[in-house]
Amino acid sequence: MGRPKTKSKAQIYADTVIKLQEESAKYEAITNKTTKTAINKLEKLGQLTAQANELEPFKDAWELSTTAKTYIKELAKENFYGYSKRIENKYLEKGIVNEDEAIKALASVHQAPYVKNEERKSLTWLTGEADIVDKKAGFIIDIKNAWDISTFPAFKEDVNKKVKEAGYDWQQKGYLILWKLKKAFVCYVITDTPAELVPDFEDLDLHRMEDKHAANKRISMSDEILLSAEDVKDIKSAYKAANEYFNKCLTELKSK
């Protein structure tokens with residue numbers, strides 16, 4: 001889950017309230033309230049107040065992104081028509097096949113006894129299965145297997161960009177809620193791709209890095225991802241909005 005790229009009414013409301021507070025302070029600082037400047041400032045305060053009042057009913061609303069709506073509509077279709085669409089691709093398959101190897105590489109670099117977490121946790125409004133849960137150290141690590149060296153984000157800046165674009169930061173925040181921890185990381189690892197997964201037209205050398213580079217050169221960690229009270233509120237709001245949209249889609253299918 002990620003925040004919509006365009007501002008929601010809730011975000012516009014919050015911005016308006018801040019602007020209203022700023023303009024109120026400026027107006028109060030004017031000694032002579034009969035000047036043109038003071039009169040214009042008072043008029044602007046009236047406009048901002050009207051806008052805030054109009055948007056207030058939406059202050060806690062969450063606006064779903066187009067991508068989220070598309071995903072939810074597909075879930076509603078699967079639920080109504082009784083089918084399940086299995087997602088299969090070479091990138092996903094490598095991630096599954098090489099997951100243990102990637103965790104082993106990270107464990108050797110961090111000199112920590114990391115193992116794949118097998119526990120799935122659930123709340124009424126949230127579920128998830130984190131990759132690595134280090135309760136003693138107080139953090140979670142999510143493992144991402146790069147397809148080949150050309151897609152491996154070798155620089156922290158690129159890792160953070162990928163995490164944001166894919167919404168992995170919100171995925172980790174969900175895990176943090178479930179495991180009651182406050183800090184998470186996303187770790188990209190480049191491991192050797194099984195030969196049977198590499199298409200004939202691809203250069204096999206791009207998939208062979210383990211003998212060429214030490215494990216620490218094949219790992220890229222994101223900045224730490226923290227969980228705030230505001231994040232929890234946002235995730236709950238997103239769940240509510242998603243659930244309402246799912247039921248709306250299901251109702252439309254049933255009423256055809």
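Overview of results
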{"quantity": "Dipole axis of segment 3-156 (+1 Lys, Arg; -1 Asp, Glu on Cβ), positive-most option in W147, L55, S24", "calculated": "S24"}
{"quantity": "Listed pairs K121/K256; K44/K69; K69/K121; K233/K256 exceeding 28 Å between Cα atoms", "calculated": "K121/K256; K44/K69; K233/K256"}
{"quantity": "Simple Cβ-charge dipole of segment 101-201, Lys/Arg +1 and Asp/Glu -1, about Cα centre, in debye nearest 20", "calculated": "780 debye"}
{"quantity": "Nearest-20 debye value, the chain charge dipole, Cβ charges on Lys, Arg, Asp, Glu", "calculated": "1220 debye"}
{"quantity": "Computed helical MRE - 222 nm, the chain, DSSP H runs ≥ 4 contributing -39500 (n - 2.57), nearest 500", "calculated": "-16500 deg cm²/dmol"}
{"quantity": "Protection proxy ranking of 128-141, 172-185 - average other beta-carbon atoms within 10 Å, highest first", "calculated": "172-185, 128-141"}
{"quantity": "Residue among L197, P113, L123 farthest towards the positive dipole end of the chain, charges placed on Cβ", "calculated": "L123"}
{"quantity": "Accessible area of segment 52-117 divided out per residue, in Å², using a probe of 1.4 angstrom", "calculated": "72 Å²"}
{"quantity": "At most 15 other Cβ within 10 Å, DSSP loop - GluC sites (Glu not before Pro), segment 142-219", "calculated": "E202, E210"}
{"quantity": "Share of carbon and sulfur in the accessible heavy-atom surface of segment 100-256 [1.4 Å probe, %]", "calculated": "51 percent"}
{"quantity": "Percent antiparallel among DSSP beta bridges (both partners in the chain, rounded to 5)", "calculated": "60 percent"}
{"quantity": "Structure-derived Cα Rg over 2.2 N^0.38 Å: which label, when the choices are (i) 1.34; (ii) 0.96; (iii) 1.00", "calculated": "(i)"}
{"quantity": "Listed residues N89, A242, N160: farthest to the positive end of the dipole of the chain (Cβ charges)", "calculated": "A242"}
{"quantity": "Estimated distance in nm for a label pair at E224 and Y83, the labels positioned 7 Å out from Cα along Cα-to-Cβ", "calculated": "4.7 nm"}
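The values are calculated or read from the model by the stated rules, or taken from the named source; none is laboratory data. Worth saying up front: this structure is predicted, and the values here are computed from it rather than measured. Ideal geometry is used to build each Cβ from the backbone, glycine not excepted, and the neighbour counts take in all protein chains shown. Areas reflect the complete protein model, heavy atoms only, side chains present, ligands, DNA and RNA absent. Shrake-Rupley method; radii C 1.70, N 1.55, O 1.52, S 1.80 Å.
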